[in-house]
Amino acid sequence: METNQQQEHVHLLIIGSGPAGYTAAIYAARANLKPVLYQGIQPGGQLTITTEVENYPGYPEGIQGPEMMVDFEKQATRMGADIRFGLATSVDFSSQPYKITIDESKVMTADAVIIATGASAKWLGLPSEQRLNGSGVSACAVCDGFFFRGKDVVIVGAGDTAAEEALYLSKMCTNVHMVVRRHEMRASMIMQDRVLKTTNIMVHWNSETLEVLGDKKVEAVKLLNNKTQVETEIPVSAFFVAIGHQPNSDIFKDALELDEQGYIKTVPGSSRTSLEGVFACGDVQDKIYRQAVTAAGSGCMAALDAERYLSAKEHQQ
Ligand SMILES: Cc1cc2nc3c(=O)[nH]c(=O)nc-3n(C[C@H](O)[C@H](O)[C@H](O)COP(=O)(O)OP(=O)(O)OC[C@H]3O[C@@H](n4cnc5c(N)ncnc54)[C@H](O)[C@@H]3O)c2cc1C
């Protein structure tokens, strides 16, 4: 209930409007928790910057990412979730009810909080990479590799994720050019071994990307060998960047336990964080799967965990 314009108490506050946040809102609204959800600066989350989504169950013909997220929002609203535009700018979880400041001005207090703030892919920062994003440039091989089956592609990165994604792409693409900045990889020995033994993965050591070439779509990639200073152009249809993700967890770093990369730690098999009554779901706590369907699944878990927590709390009073 609104107490004054700058402070308001809610039973359950959800932060984030990707597949995880909206799914949590659908379940929480149907459980009569009257959730309020703040969307952040990217209503709909990461899928709003992609085109075709072909791997989300229930859409046999595929669907455009932004359209799918409008469907998520409509469903959450129809169930009674209160969806609002606003950014959580700080939190005070030192005592209950928890305090969350929105847009540096309005203070929301909540009996339980679900964090679904997602993660952002890291990019090289090249203007051509930005210009062709979604037109052959991608940060998700599992999401977009299928569109380039039978084609040659480049993947940049040298860690375990890059190695895994290179192996994934090697099963559907003709040739996979893996661009590694140094003379060695950071990936575990077993992953390196698998990459090096895969005949259609060509590793370009000591190499950096100078430019992604193409007018309307990716046509080639220009590389520089930083040892020999030789430039080469490789004709490819896609450019995958696998240099890591940044979880959107900054405002929680003093309040919750995060891992060394900044992902919110959850109790395995649940959405419970290090703090009672605060739950996390989706990419902000998942560095392994990072898919819309897994984010949605964990959003469901968070709503069910929150519902059980709030119900147990009510019975104690
Ligand atoms: C280009 C691209 C293509 C992809 N294609 C596919 C695909 O085809 N299939 C697939 O399954 N997956 C795909 N993915 C991955 C998928 O988008 C993510 O796994 C999924 O969106 C994660 O959902 P999420 O709800 O955890 O977070 P996100 O989608 O990242 O959403 C996070 C939300 O939190 C909000 N937020 C962040 N900080 C705050 C804050 N402080 N206060 C309030 N709100 C905040 C943001 O505004 C956003 O709404 C793709 C990703 C990208 C980048």
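Heavy-atom accessible surface of the range 198-266, averaged per residue, reaches 54 Å², computed with a 1.4 Å probe.
Looking at the chain, the DSSP beta bridges with both ends there are about 45 percent antiparallel. Note on Arg84: accessible area approximately 50 square angstrom, rounded to 10, probe 1.4 Å, nucleic acids and ligands left out. If you sort Glu52, Glu61, Glu67 by accessible surface, 1.4 Å probe, largest first, the order is Glu61, Glu67, Glu52. Within the assembled protein chains, the solvent-accessible surface assigned to Met202 is about 70 Å², based on a 1.4 Å probe. Straight Cα distances below 16 angstrom link Lys106 to none of the lysines, with same-chain residues fewer than 8 positions distant left out. Cross-link partners of Lys222 among aspartates and glutamates, defined as those whose alpha carbon lies under 15 angstrom from its own and excluding same-chain residues fewer than eight positions apart: Glu129, Asp152, Glu208, Glu211, Glu231, Glu233. Protein-only accessible surface at a 1.4 angstrom probe places the residues Tyr56, Tyr289 in the order Tyr289, Tyr56, largest first. For Lys216, the lysines whose Cα comes closer than 24 Å to its Cα, not counting residues fewer than 8 places off in the same chain, are Lys122, Lys151.
Only protein heavy atoms count here; under a 1.4 Å probe, His11 has an accessible surface of about 60 Å².
As a test, work out the antiparallel percent of DSSP beta bridges whose residues both lie in the range 123-241, rounded to the nearest 5. Before the final figure, lay out each step's value.
Working: 11 of 27 bridges.
Antiparallel bridges: around 40 percent, rounded to the nearest 5.
Within the shell of other residues whose beta carbon sits under 12 angstrom from the beta carbon of Gly18, the net charge comes to -2, with Lys and Arg scored +1 and Asp and Glu -1. Accessible area per residue (1.4 Å probe, heavy atoms of protein chains only) ranks Lys74, Lys216, Lys151, Lys106 as Lys216, Lys74, Lys151, Lys106, with the largest value leading. Take the range 1-150 with all the other protein chains still there, run a 1.4 Å probe, and you get 48 Å² of accessible area per residue.
Rounding to the nearest 20 debye, state how big the charge dipole of the chain is about its Cα centre with +1 on each Lys and Arg Cβ and -1 on each Asp and Glu Cβ. Before the final figure, lay out the partial values.
Details: 28 positive and 38 negative charges, 86 e Å.
The calculation lands at about 420 debye.
Rg and Dmax over the alpha-carbon atoms of the range 123-241 stand at 13.0, 38 Å.
Rg/Rh for the chain (Cα atoms only, Rh after Kirkwood) is 1.03. Accessible surface of the chain, 1.4 Å probe: 51 percent of it comes from carbon and sulfur atoms.
The values are calculated or read from the model by the stated rules, or taken from the named source; none is laboratory data. Small disclaimer: the values here were computed from a predicted structure and weren't measured. Neighbour counts run over all protein chains shown; Cβ positions are idealised from the backbone, glycine included. Keep in mind that these areas ignore ligands, DNA and RNA; they rest on the heavy atoms of the full protein, side chains included. Shrake-Rupley method; radii C 1.70, N 1.55, O 1.52, S 1.80 Å.
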